[in-house]
Amino acid sequence: MSLILATQPVAAVTPLLETNVEAFFSRADAWTKARDTMRADSLQQAVRVAEDVRQAEADQVAADETARVVELQRQAAAATTTAPPTTTPPTTAPPPATTEPSAGSPTDAQWNVLRDCESSNNYSVVSVNGRYRGAYQFSQATWDWVTSLHDPSLVSVDPAAAAPAAQDAMAFSLWSSQGWYPWRFCGAQAAAAA
């Protein structure tokens, strides 16, 4: 085999090398284009996945809100079989002095608007996340604070399990000290119902 190579003229080898170099550059260009295309496709796919994740999160938030509304409606429908709620304090014991109506106190219609907005007028309703409870959607911490000041026997009682009259009395006590502020959105609707 070396004899054959030695007999070939030097000029015959050079075109073979040039052809191989051109083929190499051609393959390198093809590889570069393929890599760039793959990168572009990967970037587009990553953008699509990110958009899908954002959409899934938005869908989950919407589904959670829909579930909350449906649960409130279900609980409101279940509550229609019980006696209608009342805003009068319990008759067995006089309410604390701070819960007695005074000039400028909310009307029964305003309390109705507040309860309807907060809980669909359902005294045993619990928010989807379990944090807010009863007709006035008290958190346990707020309920315990108000009851410690006005009716210590209700401290640690689940607001949704408390008697409607007790919930009404504690809501009035909270309103007496802070106005409609604790119920920001629904309180504004109740205040406007005057």
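The values are calculated or read from the model by the stated rules, or taken from the named source; none is laboratory data. Computed from a prediction, not measured in an experiment: that's the story for all the values here. We place every Cβ from the backbone using ideal geometry, glycine too, and count neighbours over all the protein chains shown. Ligands, DNA and RNA are stripped out before the accessible areas are found, and what is left, the full protein with its side chains, is counted by its heavy atoms. Shrake-Rupley method; radii C 1.70, N 1.55, O 1.52, S 1.80 Å.
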So how many residues does the range 125-159 have that are in contact (Cβ under 8 Å) with a residue 24 or more places away in the chain, over 18 Å from ALA67 (Cβ atoms) and among the small types (Gly, Ala, Ser)?
2
Test THR88 against the criterion of being open to solvent by 70 Å² or more (accessible area, probe 1.4 Å), more than 31 Å from the chain's Cα centre (by Cα) and modelled with pLDDT under 95, and give yes or no.
yes
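Results for (1) buried (at least 23 other Cβ atoms within 10 Å of the Cβ); (2) in contact with a strand residue (DSSP E or B) (Cβ under 6 Å, 6 or more places away or on another chain); (3) at pLDDT below 95, shown as yes or no for each residue.
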position: ALA103; (1), (2), (3): no, no, yes
position: ALA109; (1), (2), (3): no, no, yes
position: CYS117; (1), (2), (3): no, no, yes
position: SER127; (1), (2), (3): no, no, yes
position: GLY130; (1), (2), (3): no, no, yes
position: SER148; (1), (2), (3): no, no, yes
position: PRO164; (1), (2), (3): no, no, no
position: GLN167; (1), (2), (3): yes, no, no
